[in-house]
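Shown below is the structure under consideration.
The values are calculated or read from the model by the stated rules, or taken from the named source; none is laboratory data. Just so it is clear, the structure is predicted and the values come from calculations on it, not from any experiment. We place every Cβ from the backbone using ideal geometry, glycine too, and count neighbours over all the protein chains shown.
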Amino acid sequence: MDVLEKYTVVIGLEIHAQLQTQSKIYNADSAVYGGAPNSHVSVITLAHPGTLPKLNRKVVEYAIRMGLACNSEISRYQIFDRKNYFYPDLPKGYQLTQDRTPICKGGQITITTKAGEHSIPLNRIHIEEDAGKSIHLENEPDTLVDFNRAGVPLIEIVTEPALRSSEEAAALLAEVRRLVRYLEICDGNMEEGSLRCDANVSLMLKGAKEYGKKVEIKNMNSMRHVQRAVDFEVARQAAILERGDEVISETRTFDVGTGETYGMRTKEELNDYRYFPDPDLSPLEVSDEWLNAIKAAMPELPRELIEKFVSRYNLPKYDANVLTQSKEMAQYFESVCVFTSNYKAVSNWLMGPVKSYLNEHLVEVDQLPVAPQTMAQMLELIDSGKVSFAAASQKLFPEMIANPLVSPVDLAQRLNLIQDSNLDSLTPVVEQIIQDFPLKVKEYKSGRKAILTMFMGEAMKRTKGKADPKLVNELFLQKLS
């Protein structure tokens, strides 16, 4: 029996999202990613004596947007706290955060896994400042510190310990990334560190009332890494428990190369950060007018769009899920649908040839040269039988990308792709093929219906691929009946 059948896996995530503001959370220094080391700093970032913080209004609005998207309760009165600990990349020696009054309380995020849809409850979302970056060069005794990131605004999204598998953990992280991108509050670029995740993992016997000792895996920057790290950690803890030993509560790091987690430092039962209210920042009050203005500016979110795509455009839920993975793809779909009523064809093209092109060229759909109206014109050529799907996907679409200002019909004529849909010209071709293959006709009439494929191939060969397959198929069925 698998030992994991004895245990319940308990996972809670802490997800840090860097907010896309131009300036930092408590001063006017640039918060833009990149730049030469220590070029986005001032006396406030470097915590010179006598400097005072001033809260960035946009940070509060972005955090509230996320809370509204997660159906959280928005705190109307907040104070800021100092979280005290020493680390070289934290110039002040403390971090300004929210301990007792997080800006968003509770809420949930709906995820989709193989088991279906279900909601993961949140504990809180709070705002805080990021720390700088320590750089450890190989074979160098000294550590370098870049303070560009110090003071960049973050929201920390903290779930309840309600996740039960690595698949759920990866799905939640993916949904958070989708949400922050739709809300345009974070670019979600995990490889740049603007979205990163800590996972708290523990095991308890099935039916037990108390959670086991938890281990925190720090700073993972991809869904795949989260899934691999959790899987390894679950197996590691199960092996420890099966030996009769006790899991040590500690902080661990995940090695992408080995796929294993490694201990960094043991954790106390309760970290003593000596939180206390920051005396330099006034309490924050969110008025009715301010909150209502933020609500009014909220965009349509993925779950709302999925329902809309199913009800208004009659798409299968699978299609709706795929098309709403990115805001840009959802917007492009709706833009094309303004010019055509064949919504399923639009979906098929975006999930098929268009997606293949985007993946191959590592671009997003908003960088596709083909305008929505031009895409609809191409679909009309296919729907009317003037161009086959195969010809459109293999020849016409690449030509449209290369010549985005030329109409699809002109390109199709230039490429000699317009199909022959003339009954008078195709009927003699079909009749001649039937006359040339009397034995095949006899086999067809005796029940071997698959021979129709051979007839179709012969017709396409004799018309050099320009015959309308649908019309030719109908003619054969009519003449052979």
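With respect to the numbered conditions (1) closer than 20 Å to residue 189 by Cα; (2) out of contact with any strand residue (DSSP E or B) (no Cβ under 8 Å at 6 or more places or on another chain), which one is the sole condition not fulfilled by residue 48?
Exception for residue 48: condition (1).
So, one more: Take the residues in the range 392-416 that are among the hydrophobic types (A, V, I, L, M, F, W, C) and touching a residue at least 40 places away in the same chain (Cβ under 8 Å), then tell me which one is nearest to residue 346 (Cα to Cα).
Checking each candidate, the answer is 397.
Now for a separate question. Looking only at the range 182-213, which residues are within 10 Å of the chain's Cα centre (by Cα) and modelled with pLDDT of 95 or more?
Listed by number, the list holds a single entry, 182.
Name the one entry in 476, 437 that is surrounded by fewer than 17 Cβ atoms within 10 Å (Cβ to Cβ) and among the aromatic types (Phe, Trp, Tyr).
Among 476, 437, only 437 is surrounded by fewer than 17 Cβ atoms within 10 Å (Cβ to Cβ) and among the aromatic types (Phe, Trp, Tyr).
Here's the yes/no breakdown for (1) assigned to a strand (DSSP E or B); (2) in contact (Cβ under 8 Å) with a residue 24 or more places away in the chain; (3) over 25 Å from residue 57 (Cα atoms):
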{"residue": "134", "(1), (2), (3)": "yes, yes, yes"}
{"residue": "144", "(1), (2), (3)": "yes, yes, yes"}
{"residue": "151", "(1), (2), (3)": "no, yes, no"}
{"residue": "161", "(1), (2), (3)": "no, yes, yes"}
{"residue": "168", "(1), (2), (3)": "no, yes, yes"}
{"residue": "174", "(1), (2), (3)": "no, yes, yes"}
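Which one of these is more than 32 Å from the chain's Cα centre (by Cα), part of a helix (DSSP H, G or I) and crowded, with 16+ Cβ neighbours inside 10 Å: 412, 376, 392?
Numbers: 376 fails: more than 32 Å from the chain's Cα centre (by Cα); 392 fails: more than 32 Å from the chain's Cα centre (by Cα).
After applying the criteria, what remains is 412.
Ok, one more. Kindly evaluate residue 168 against the criterion of being closer than 30 Å to residue 44 by Cα and of a type in the set (D, E, K, R).
For residue 168, the condition - closer than 30 Å to residue 44 by Cα and of a type in the set (D, E, K, R) - is not met.
Kindly indicate whether residue 443 is under 17 Å from residue 384 (Cβ atoms), charged (D, E, K, R) and without any contact (Cβ under 8 Å) to a residue 12 or more places away in the chain. I'd like the intermediate steps shown before the answer.
Values: under 17 Å from residue 384 (Cβ atoms): no; charged (D, E, K, R): yes; without any contact (Cβ under 8 Å) to a residue 12 or more places away in the chain: yes.
No, not satisfied.
From the set of residues in the range 140-181 that are farther than 29 Å from residue 92 by Cα and among the polar types (S, T, N, Q), which is nearest to the chain's Cα centre (by Cα)?
166
Every residue in the range 61-111 that is polar (S, T, N, Q), surrounded by fewer than 16 Cβ atoms within 10 Å (Cβ to Cβ) and in contact with a helix residue (DSSP H, G or I) (Cβ under 9 Å, 6 or more places away or on another chain), please.
110
Is there any pair with a first residue in the range 222-244 that is assigned by TED's automatic domain parsing to the domain that holds residue 199 and a second that is modelled with pLDDT under 95 and of a type in the set (D, E, K, R) whose Cβ atoms are under 6 Å apart and which are 6 or more apart or on different chains, and what are they?
Pairs found: 232/260.
What are the pairs with Cβ atoms under 8 angstrom where one residue, in the range 341-358, is buried (at least 18 other Cβ atoms within 10 Å of the Cβ) and the other, located anywhere, is among the polar types (S, T, N, Q)? Sequence gap at least six, or different chains.
343/314; 346/340
Find the residue count for the range 285-314, including only residues that are in contact with a helix residue (DSSP H, G or I) (Cβ under 9 Å, 6 or more places away or on another chain), outside any helix (DSSP H, G or I) and farther than 21 Å from residue 113 by Cβ.
Going through the range 285-314 one residue at a time, the tally reaches 7.
May I pose another question? What about residue 100, is it of a type in the set (Lys, Arg), under 24 Å from residue 72 (Cα atoms) and either outside any loop (DSSP other than H, G, I, E, B) or outside the structural domain of residue 17 (by TED's automatic domain parsing) (or both)?
no
Name the residues in the range 176-214 that are assigned to a strand (DSSP E or B), surrounded by fewer than 20 Cβ atoms within 10 Å (Cβ to Cβ) and either of a type in the set (Val, Ile, Thr) or in contact with a Ser or Thr (Cβ under 8 Å, 6 or more places away or on another chain) (or both), would you?
Residues satisfying the conditions are 204, 205.
Related question: Could you tell me whether any residue of the range 35-47 is without any contact (Cβ under 8 Å) to a residue 24 or more places away in the chain, out of contact with any Pro (no Cβ under 7 Å at 6 or more places or on another chain), in the same structural domain as residue 134 (by TED's automatic domain parsing) and among the aliphatic types (A, V, I, L, M)?
Looking through the range 35-47, at least one residue is without any contact (Cβ under 8 Å) to a residue 24 or more places away in the chain, out of contact with any Pro (no Cβ under 7 Å at 6 or more places or on another chain), in the same structural domain as residue 134 (by TED's automatic domain parsing) and among the aliphatic types (A, V, I, L, M).
Sticking with this one: If the requirement is being surrounded by fewer than 11 Cβ atoms within 10 Å (Cβ to Cβ), modelled with pLDDT under 85 and of a type in the set (S, T, N, Q), which of these qualifies: 425, 421, 446?
Result: 446 is the single residue among 425, 421, 446 that is surrounded by fewer than 11 Cβ atoms within 10 Å (Cβ to Cβ), modelled with pLDDT under 85 and of a type in the set (S, T, N, Q).
Shifting gears a bit: When you go through 19, 13 one by one, which is the residue that is out of contact with any Lys or Arg (no Cβ under 9 Å at 6 or more places or on another chain), surrounded by 22 or more Cβ atoms within 10 Å (Cβ to Cβ) and within 30 Å of residue 300 (Cα to Cα)?
On the way: 19 fails: out of contact with any Lys or Arg (no Cβ under 9 Å at 6 or more places or on another chain).
Result of the check over 19, 13: 13.
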